[in-house]
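What follows is a single structure, written as structure tokens, with notes after it.
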Amino acid sequence: MTTPNIRTIGIVDDDPFVRAAVSSLVRSLGMQARVFASAETFLQERGFDAVDCAITDVQMPGMSGLDLLDQLLSDGCRLPLIFVTAFPEESIRKRALAGGAIGFFSKPFNAGELIGCIERALNQQIRRHDNKERP
């Protein structure tokens, strides 16, 4: 059960240690964390309807973070996304930011910088969803 005044951050990463660490960071800020082991799970469980912002890995088995961004955009969902990756490439960073990503961080990332990015994402109030039903 979520409390209306508490913000919820989605964490999409195939690495359980990263999910646990980022979840702990989010909870230390007084927010709720919902974790997803894959982009597919995030979509299947309609995580985009349950979170105010999502932090996603770029490279995951199956659907990548960029594929997730593309799917959300094609469904009309403008959920603020923050990308993290162990393999930063300038072309991927540019693609993520061009698609509307709020931030792009290399692992290991600076917790303070990630917190600032989460706060910017939540303050921008850019989440819009056209309520299309997923096929």
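Structural remarks
- Flag for K94 being over 28 Å from I6 (Cβ atoms), over 10 Å from the mean Cα position of the chain (by Cα) and either exposed (fewer than 14 other Cβ atoms within 10 Å of the Cβ) or of a type in the set (K, R) (or both): yes
- In the set (1) at pLDDT 95 or above; (2) among the hydroxyl-bearing types (S, T, Y); (3) surrounded by fewer than 17 Cβ atoms within 10 Å (Cβ to Cβ), T3 fails one condition alone, (1).
- Scan segment 40-61 for residues that are of a type outside the set (S, T, N, Q) and under 20 Å from K107 (Cα atoms) and the total you get is 7.
- Within segment 104-123, one or more residues are buried (at least 17 other Cβ atoms within 10 Å of the Cβ), at pLDDT below 95, under 13 Å from the mean Cα position of the chain (by Cα) and more than 11 Å from I82 (Cα to Cα).
- Filter result (farther than 21 Å from K107 by Cβ and among the charged types (D, E, K, R)) within segment 1-39: R7
- Residue, surrounded by the most Cβ atoms within 10 Å (Cβ to Cβ), within segment 78-91, restricted to residues that are more than 14 Å from F109 (Cβ to Cβ) and in contact (Cβ under 8 Å) with a residue 24 or more places away in the chain: L81
- In summary, S28 fulfils each of the numbered conditions (1) in contact (Cβ under 8 Å) with a residue 24 or more places away in the chain; (2) under 21 Å from L122 (Cα atoms) with the single exception of condition (1).
The values are calculated or read from the model by the stated rules, or taken from the named source; none is laboratory data. Because the structure is predicted, anything quoted here is derived from the model rather than measured. Note: ideal-geometry Cβ built from the backbone for every residue, glycine included; neighbour counts use all protein chains shown.
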